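Any read-out appearing in this document is the output of simple, stated calculations on the displayed coordinates, not a laboratory observation. Computed from a prediction, not measured in an experiment: that's the story for all the values here. Every residue, glycine as well, gets a Cβ built from its backbone with ideal geometry; the counts of neighbours run over all protein chains shown.
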Amino acid sequence: MTQEQIKTIKEQEQNLKSASDFLEKATALLEEWKSLQPKIQSLEAYYYSPQWQKDYERSNQTSLDFPHGVLSEDAVYLFLAHQQQTAIDYIKLMANILDSKPSK
């Protein structure tokens, strides 16, 4: 076996390890994202509800002594937009992966 072949094998072995390690993490993150969807859907429903508007108006009339970023006009909206864009990016990547054919 030539030095060039050995170098290629070692390089590709590292590529396999890196990709396998990443895929394991990505799978865990995807599962966590799935499990968070009921909470995210609840947040979205609250944000677009009349109750949110009432809570928002009240919060501007009184001082709250607890975290209430959910009542900012942008936090939830920007989170939902970011989640949507991330999902689109995932879909595009998955489509590219599914379209690629092993070249053997």
Exercise. Starting from the Cα-Cα distance between residue 87 and residue 30, subtract it from 0.36 nm times their residue separation and give me the gain in nm to one decimal.
Key: 19.5 nm
Practice problem: Take the Cα radius of gyration of the chain and divide it by 2.2 N^0.38 Å, with N its residue count; two decimals is plenty. | Solution: 1.77
Quiz prompt | Three-way shape label, segment 1-48, alpha-carbon gyration tensor, a/c 1.5 | solution = prolate
Exercise. Take the cross-link list 25/101; 17/101; 34/54; 25/92; 10/101; 7/92 and give me the ones stretching past 27 Å between alpha-carbons.
Key: 34/54; 7/92
Exercise. State, to one decimal in nm, how far the label point of residue 12 lies from the label point of residue 100, with both points 7 Å from Cα in the Cβ direction.
Key: 1.4 nm
Quiz prompt | Square roots of five times the Cα gyration tensor eigenvalues for segment 43-84, Å | solution = 20, 12, 7
